[in-house]
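K.L.:
I'd like to ask some things about the structure below.
The values are calculated or read from the model by the stated rules, or taken from the named source; none is laboratory data. These figures come from a predicted structure and were not determined experimentally. Don't worry about glycine lacking a Cβ; one is built from the backbone with ideal geometry, like all the others, and counts go over all protein chains shown.
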Amino acid sequence: MLDNSQEKKMYFVDIKTGEITMEPTAENTFTVIADEQEIQDLRELFEENYDADKRGYLRTHLPWQQYHGFSDGENKDYDRSIELIYAMIYRLGDAEARKHIDEMGILKEQNYDNEDFR
């Protein structure tokens, strides 16, 4: 028997804001079916993405640092974190979420459908 933390529930994920709710919003959202731990993992990925985005923003205020040095660091962190977010949504998402992500072509040729993708 599953305890409450392992019970799968429907959530709605807004990729732009990082908001994860149990109620759909007016914005375009992805529908995922997940337990509490999986949702916590997804929230942590959104936090990593926010931190990488913030580092990139701060970097733009350093005019003496060349862009190509920046792109090897902060951009890679941001790109990797957003890819992991989409991968997790793909793994937990409903058929519509998976179809949309497939059509975007954002995920690399990896098996994101398993629990060890991270």
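K.L.:
Find the residue count for segment 66-87, including only residues that are modelled with pLDDT under 70 and either surrounded by 13 or more Cβ atoms within 10 Å (Cβ to Cβ) or in contact with a Leu (Cβ under 8 Å, 6 or more places away or on another chain) (or both).
P.N.:
Of segment 66-87, the ones modelled with pLDDT under 70 are 66-74.
Still in the running and either surrounded by 13 or more Cβ atoms within 10 Å (Cβ to Cβ) or in contact with a Leu (Cβ under 8 Å, 6 or more places away or on another chain) (or both): 70-71, 73-74.
Counting residues in segment 66-87 that are modelled with pLDDT under 70 and either surrounded by 13 or more Cβ atoms within 10 Å (Cβ to Cβ) or in contact with a Leu (Cβ under 8 Å, 6 or more places away or on another chain) (or both) gives 4.
K.L.:
Check every one of the strands (runs of 3 or more DSSP E) wholly within segment 4-55 and list those with 3 or more residues that are farther than 26 Å from ASN75 by Cα and at pLDDT 95 or above.
P.N.:
It comes to 9-14, 30-34.
K.L.:
Given (1) out of contact with any Phe, Trp or Tyr (no Cβ under 8 Å at 6 or more places or on another chain); (2) in a loop (DSSP other than H, G, I, E, B); (3) at pLDDT below 70, where does GLN110 come up short, assuming only one miss?
P.N.:
With (1) out of contact with any Phe, Trp or Tyr (no Cβ under 8 Å at 6 or more places or on another chain); (2) in a loop (DSSP other than H, G, I, E, B); (3) at pLDDT below 70 applied to GLN110, the lone miss is (1).
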